[in-house]
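The values are calculated or read from the model by the stated rules, or taken from the named source; none is laboratory data. Quick caveat: nothing in here was measured; it's all calculated off a predicted structure. So basically every Cβ, Gly included, is an ideal-geometry build from the backbone, and we count neighbours across all protein chains shown. The protein model used for the area step is the full one, side chains on, heavy atoms only, and it has no ligands, DNA or RNA in it. Shrake-Rupley method; radii C 1.70, N 1.55, O 1.52, S 1.80 Å.
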Amino acid sequence: MAYSVKTGPFPEPPENLRRVIESLRPRWRWIVALGVLIAGMGGAALILVVSATIASVYTIAVFMIVAGAAEIATGLGAKTWRRFVVWIIAGLAYIVVAVFALAQPLIAAAFFTLLLGAGMIATGVVRIYLGAHLGAPLRGPVLVAGVLTALVGVLIVAGWPANSFVILGVLLGLDLAFWGAAWIGFGLRLRRY
């Protein structure tokens with residue numbers, strides 16, 4: 001009977017993953033620099049919260065224009081008039097809302113913030129429901145995640161519309177800061193690998 005000696009809690013990575021990690025190792029400085037850049041943008045977003053909120057609204061609006069154009073293109077290829085009309089109207093609705101968001105980003109930020117809060121409450125409730133039906137090892141973390149998500153949603157909705165000018169910017173800044181920190185950690189880990 002052969003015994004293996006584990007050096008950590010996880011099994012050894014597969015050979016192809018090992019090759020990928022080895023190919024990235026010489027680029028660890030670039031990965032850390034990317035992390036510093038992303039984290040710096042997150043810090044800037046946290047300092048310039050209103051500007052980051054407006055940038056978030058503009059980004060959402062651009063994606064809505066792309067989605068609207070895709071729906072119109074899908075409608076043009078529809079085989080029945082009913083589908084043609086539905087796709088065209090849906091695509092135009094996306095584009096109209098996006099143009100409004102580009103013209104009035106602060107009003108759009110208030111609307112998007114309310115939707116975000118309501119969506120987080122709904123997501124939290126679903127997580128709580130699902131967590132209550134899971135087995136013992138997963139139940140606790142899923143319930144905690146559900147309660148926290150719903151609580152953040154309630155806080156967003158309770159502070160609405162006064163918090164509309166900062167919520168999207170704060171979330172963008174935190175997301176960039178944590179994502180940048182993750183890249184920095186990954187790069188430093190590659191250096192030691």
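Here are a few things to note about the model shown:
- Relative contact order of the chain, pairs being alpha-carbon contacts under 8 Å that are 6 or more residues apart, as %: 37 percent
- Projecting label points 7 angstrom from Cα along Cα→Cβ for Ala181 and Ala145 puts them 1.9 nm apart.
- Helix 15-24 and the longest principal axis of the C-alpha atoms of the chain enclose an angle of approximately 80°.
- Candidates Ala136, Ala55, Ala45: whichever shows maximal mean-square fluctuation once the chain is modelled as a Gaussian network with Cα springs under 10 Å: Ala136
- Taking the longest Cα principal axis of the chain as reference, the axis of helix 167-192 is set at about 20 degrees.
- Extended-chain gain in nm, criterion 0.36 nm per residue less alpha-carbon gap, Ala67 and Phe84: 4.5 nm
- Angle between the chain longest axis and helix 81-103 axis [Cα atoms, degrees, rounded to 10]: 80 degrees
- For the range 1-145, convex hull volume per residue from C-alpha positions, Å³: 293 Å³
- In the context of the full set of protein chains, the chain has a per residue accessible area of 67 Å² (1.4 Å probe).
- Inter-part distance where the range 98-156 and the range 22-90 are each reduced to a Cα centre, Å: 20 Å
- Accessible surface of the range 42-193, 1.4 Å probe, proportion on carbon and sulfur as whole %: 79 percent
- Using alpha carbons only: equivalent-ellipsoid semi-axes of the range 94-193, gyration tensor based, whole Å: 29, 24, 12
- Just checking the listed ones, Thr123, Thr113, Thr53: in the Gaussian network model of the chain with Cα springs under 10 Å, the one fluctuating most is Thr123.
- Choice from Leu46, Leu171, Leu17 showing the highest fluctuation, given a GNM over the chain with Cα pairs closer than 10 Å: Leu17
- Ranking Ile31, Ile60 from most to least accessible surface, computed with a 1.4 Å probe over the protein chains only, gives Ile60, Ile31.
- Cβ charges +1 (Lys, Arg) and -1 (Asp, Glu), total dipole of the range 66-190, debye: 360 debye
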